[in-house]
Structures are given as structure tokens and as C-alpha cells.
Amino acid sequence: MKPPPFHYHDPGTVEEAVALIGSLENAKLLAGGQSLMPMLNMRYVLPDHIVDLNRITGLSHIDETDGRIVIGAMTRQREIEHSDLLQQRCPLFRKALLQVGHRQTRNRGTIGGSLCHLDPAAELPAVLTALQATVHVVGAHGARDIAIADFPAFYMTPAIEFDELVSAVSFSPWPIGHKSAFVEFARRPGDFAIVGVAALMDAADNGMIHRATISLSGVGAAPVRCTATEEQLIGTKPDEISLRVAAETCRELDAMEDVHASPSYRQHLAVELVSRAVQAALDDAGAGSTS
Amino acid sequence: MSVEQEFPELRPVVFTVNGERYEIDVETRMTLADCIRHQIGKTGTHLGCEHGVCGACTVLVDGRSARSCLMLAVQANGAEITTIEGIASENGEWHPLQHAFHEHHALQCGFCTAGIMTSMVEFLRENPDPNEEEVREALSGNICRCTGYQGIVTAVLDAAGRLRAVSDGVGSRRE
């Protein structure tokens, strides 16, 4: 099993990469390669050109600027997993990443690659959806920002043009002390999950939730926000029953069908995992604490 | 231009494999795994699934474990690569993992072993004193169809102890 023949390009800057994808026919961008390389090996994709982004060091960074945290598209999943800044300000990343593939794939895989591959079951797009992140894109006609909710066009396809690439993602970190959880169901650790849940929550000392975002992977073609659940939780101090009632709204979500699970099973998992994720978030010590 | 004239597309690369320097031309579509086996001639790295699931082809690239079937050889330009042939010491003394695998019957057919050992070299460097659950989690990226993993887990835990004894209490190094 070998990749098909292609012309290989390894630009050193974003500008060169943008110029290449704007001028080449049937080009594919190669990020960490943990999804594209299998697809090449199995010849699911037959690009005439591969534009390898791995030499562009400027795309790999984790910074805080103007109150936002910015993560470069080529930042390896491993770097995000081990980032002190993110562990302090957004521990949700590490919680989710520990369920992304394996050590060997996180060493290579990137956040931008995961986002653009847009597998319905992928954890990072669900995390970015819960964070209401912004996707930064550059192309031949300049740079633009896309709200994460508008980023998926359809199944495994981002809403960017063929001559554009994702350069970074950014988000406003939640306050110190916010709570988070990532819960998923997969048949084995590291496998693609059938359904996953990212939950962010801000609660007062008395347990009153005043802000919550919850997103699901693996239910629809792209991550979905559980807005009905969020609305039922905000302004309350949920107990076991009210939490269950709020999670039950996820049974109304449109769910996809594939070889792994039926729509009704995905809806069942959504309800069950959302209640577990909310409970885990409520029990979380909170970002910036020592645990 | 016809495909015959355009391909193979070759690129010069320079990298080291187990400390030995190689300056070779590689076909740009060649995976690092195929390069290591066919061009470098080190066949200890095994290819199982060739799509990143089985872990058999795991090597260390600049000290980090990576699936060599999911990297192009051309991407290894400038890298230091370590394969299973390179984990014993230069005088041929086995790595503590190799001793432990031998003694705890941690392999039967051996096909998965190279990928497991290279993965565990990195894991034990970062987590020198793991518990059993952490070892099982660390092994989750490598498929073994013979052993049922029990012997492997025992061997990794034993090797961790041997490595700690060798390093004489010196802490882990996290890059």
C-alpha cells in the first residue's frame, strides 16, 4: 500500500503556501498527516500536488494576545496537551486530547489538520465549538475570520475556498475557576468515539450556573451545540433529576446513521453522556486550581 | 508531460538512523517506513496496517514516537531517527526493555514488538514510574494479537524499575 504519485511542495512561509494552492490544480495540504497519510496510503485521495505545511514554523505557536488565546494551525496536539498556558486557562483541551488517538499520533497530529479534516467524531472541533472559537483563514485574497459555528460546510468539508488555508484558531478564555469536562464513548481507548461531549461551565460559589456551553461530536456531521440543555441549566443549581431533564433535550437532536451506530443509539448516548459531562464539570475543581 | 517522465520525483535528504548519517535521494511519495526498510535496509521496523492503526511501524523521530507509515521520508530531512535496531547500547548490551520482554514472555511472534519497544522507550523516559493503568493506556496505540498484553504490561513495569535503578534516582527529562 503506497501513496499515489504526486508532486511534493514544502513551502517555508504561509505566503508561499497560499501562492502554491492558488496556482496548483488538485492540490492537498498536508499538516500532521495522521488522517491524510492513511487516505493517501489507501488511495482514497489522489491529489496531483501535496503542499506540506510542516516547514512553516510560524504556524506553530500558542500565545495570549489582547485577551484571546491563539493557537497556530500547525501546533501539534502534543504541544497543546502539554501547554502550561492552556492547562491553566483552558484545561478542556488536555481533557479532550487525552482521548484523541494515541501518544504516537498526537506527536504528529495538529489542531488545524484535525479541524480541516472535520471528522464528525473528532474531539478538537467539538472543543472549539464549546469555546465559540474563531477560525483564522488566509488566502490569495487576504485574511478572514470564520466563526466556528459557520466553519463546517457539510460532511467532512470546511467552509473555506480551495485557495485558502487555516492559519490559527483563537478564543476568549473563560474566567479562572471555570469548570470543564470532556466525556466520550468509544469501544476502545483511542478509537474514534461514537459520541463525545465538551462541556464548559461557570458557576457561582453556591453552585448556581450562570454560563454554560455544551457541544457534541459524533451526533451530526459537524459538532452541535446543545443549546436547549444549556438554557435549562443556566440560572439553576441542578440536582440529579433536573440535570437529567435538561440532558433529555438532546434526544431531539438530528442524529446520523452509519455502520457504527443508529440515530436512536446516538441520541441515547448524547443524553447519557451530556448528563455525565455536566456532572463531571460540576464536580471539576476549576481552571487554574492546583489539581 | 507524461506520468512516466514526471515520476519518480526524487529529493535529496539527510538524516541519521540510530546515529548513522544517511545522505540519500528519496522518492517524495515514499513513506518513512518504506525508506527505512527498503533504502536503509533496516527491516526491524515492521509494517502492519499501513494506515496508522496497528503501531507496528513506530519509530522515534527526534526522540518522539511516530508512525513511520504516516510520515513521508522527505519529511524526515534533518531528523534523528531511532529504530528498534538502535535501542540497545552501542556495545550490544540490551536495553532494559529488551531484557524485561525476554524474561516476561512479552512477545510471541514478535511482529508488533519493535513498535511497542520504541513507543515504550519514549513513554518510560517521560513517565519513569508508571502504574499499570498508565502502561495499559500507553500501549493502547499498539496492537498485539498473540500475547493478550499481560506479559507486555508486566515487562514494561519491570523495565521501568530497571531503568530507575540504572538512572539511580535521576528524574525524568521532559523535552
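Things worth noting here:
- Taking every lysine pair in the protein assembly as shown that is 8 or more places apart or spans two chains, those with Cα atoms closer than 27 Å amount to 5.
- By the equivalent-ellipsoid construction on the alpha carbon gyration tensor, the protein assembly as shown comes out with semi-axes of 37, 29, 20 Å, ordered largest to smallest.
- Across the range A:1-109, C-alpha contacts under 8 Å between residues 6 or more apart give a mean separation that, scaled by the residue count, equals a relative contact order of 27 percent.
- The mean number of Cβ atoms from other chains found within 10 Å of a Cβ in peptide A:29-38 is 4, as a whole number.
- Simple spin-label estimate for A:ASP84 and A:ARG188 gives 3.7 nm between the two label positions (7 Å along the Cα-to-Cβ direction from each Cα).
- Chain A, relative contact order [Cα under 8 Å, separation at least 6], %: 16 percent
- Estimated distance in nm for a label pair at A:TYR155 and A:ALA285, the labels positioned 7 Å out from Cα along Cα-to-Cβ: 4.4 nm
- Fraction of antiparallel bridges per DSSP, chain A only, in percent to nearest 5: 85 percent
- Likely footprinting exposure, B:ASP129, B:ASP158, A:ASP205, fewest C-beta neighbours within 10 Å first: A:ASP205, B:ASP129, B:ASP158
- Each residue of the range A:92-203 gets 110 Å³ once the volume of the Cα convex hull is shared out per residue.
- Modelled label reach - A:MET42, point 7 Å along Cα→Cβ, the range A:162-203 residues with backbone N closer than 13 Å: A:192
- Ranked by how many other Cβ atoms sit within 10 Å of their own Cβ, fewest first, the residues B:TRP94, A:TRP174 fall in the order B:TRP94, A:TRP174.
- Each label was represented as a point 7 Å from its Cα along the Cα-to-Cβ direction; for B:ALA88 and A:ASN206 these points are 7.0 nm apart.
- Per the Cα gyration tensor, the range B:15-59 maps to an equivalent ellipsoid with semi-axes of 19, 13, 8 Å, ordered largest to smallest.
- Sorted ascending by nearby beta carbons within 10 Å, beginning with the fewest, B:TYR149, A:TYR265 become A:TYR265, B:TYR149.
- Directionally averaged projected area (convex hull, Cα atoms, the range B:67-175), nm²: 7.7 nm²
- Secondary-structure-derived ellipticity at 222 nm for the protein assembly as shown, considering helices only, amounts to -8500 deg cm²/dmol, per-run term -39500 (n - 2.57) for DSSP H runs with n ≥ 4.
- Contact order relative to length of the range B:82-161, as percent, for alpha carbon pairs under 8 angstrom and 6 or more apart: 44 percent
- Relative compactness, the range B:69-130, computed as alpha-carbon Rg over 2.2 N^0.38 Å: 1.26
Since every read-out is calculated from the coordinates, none of them should be taken as a lab result. Please read all numbers here as calculations on a predicted model, not as lab measurements. Neighbour counts run over all protein chains shown; Cβ positions are idealised from the backbone, glycine included.
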